[in-house]
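Please read the structure below before turning to the comments.
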Amino acid sequence: MKHQFNSKQGTLALLSFIGLSMFSCSDKCSTCAVEPEKIEKKLSKIEIDADNYSEFKYTNGVLTELIEVEGEGRSRSKITYDNSKKPIEVETQEGKIKFVYSGDRLEKEEISYKDAETFHYNQYEYQGAQVKEVTGYGLVEEDKPYYRRKLFYNQQGEVEREEIYDLTENNTLDLSVKINYEYDNKINPYMTTVGSYLSLFTHTYNKHNITKEVTTNATGTLNQTITTTYTYDNAGYPLTAEEKKVENGGNPVVINRKFVYQP
């Protein structure tokens, strides 16, 4: 669920929109980033090659740092928790994301930048225990929405479709793209990595791994298809992933990932 942002928004906006979604957790909520039960494996690294990887670091078994390396680019996200192990802040080189709760439910993300006076926030709307909409405010004008993401779920409680609405020249939020998802029936390793509340990173709130992602524009024209094939260990955790991305009917771009777990 990755979306493009201008350089001014940078890493902070990307972090906020590709993750933090399912925070009201219960035994009946299959989309919640719940604590794993008895057997768990935590990610140590996701590696494309020596120059492109994600590294996960922990303190007392809780994820406290994520390092992203893409060629010569390197970013570091530090995560702070309260006494109940809810994340309250993520700090990067660019700024901070602060999380506002109502009880155990995430209500708002406040995003600020170190090198500018830019401040904006994301407001969450729920239907039962599931996030129905996420709306971004304040990037263009204070308290004016500039972005909306609507989520639709399958019978297993996983996101089967997203609709993305962007601000137009007429100052209206119009449908921009639709994204449809298919899943395997294996374990999504992000869920055992991020813990009970933190859903900061790609698709952590789904129990299973995405095998197909189809993006179309508002009129239904195909923009992009991504298919992913995994290998698994005996416990059902991914060991490798081969991702094939095809944009506008072009030639596929293949990315291979290796999942490394803590010993």
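Some points to look at:
- Heavy-atom accessible area ranking, 1.4 Å probe, most first, across E158, E40, E70: E70, E40, E158
- Counting Lys and Arg as +1 and Asp and Glu as -1 over every other residue whose Cβ lies under 9 Å from the Cβ of Q224, the net charge comes to -1.
- Virtual spin-label span in nm between Y126 and N180, 7 Å along Cα→Cβ: 3.0
- Taking segment 88-110 and a reference point 7 angstrom along Cα→Cβ of E133, the backbone N atoms nearer than 17 Å belong to 107-109.
- Cross-link table K78/K178; K57/K85; K85/K178; K178/K244; K41/K186; K42/K258, entries beyond 23 Å C-alpha to C-alpha: K78/K178; K85/K178
- Cut-off 10 Å between beta-carbons: net charge of the residues surrounding K98, Lys and Arg +1, Asp and Glu -1: -2
The values are calculated or read from the model by the stated rules, or taken from the named source; none is laboratory data. All figures in this text were calculated on a predicted structure; none of them were measured in a lab. Because the Cβ atoms are built from the backbone with ideal geometry, glycine has one as well, and the counts that use them run over all protein chains shown. Note: accessible area is taken over every heavy atom of the protein model, side chains too, but ligands, DNA and RNA are not part of it. Shrake-Rupley method; radii C 1.70, N 1.55, O 1.52, S 1.80 Å.
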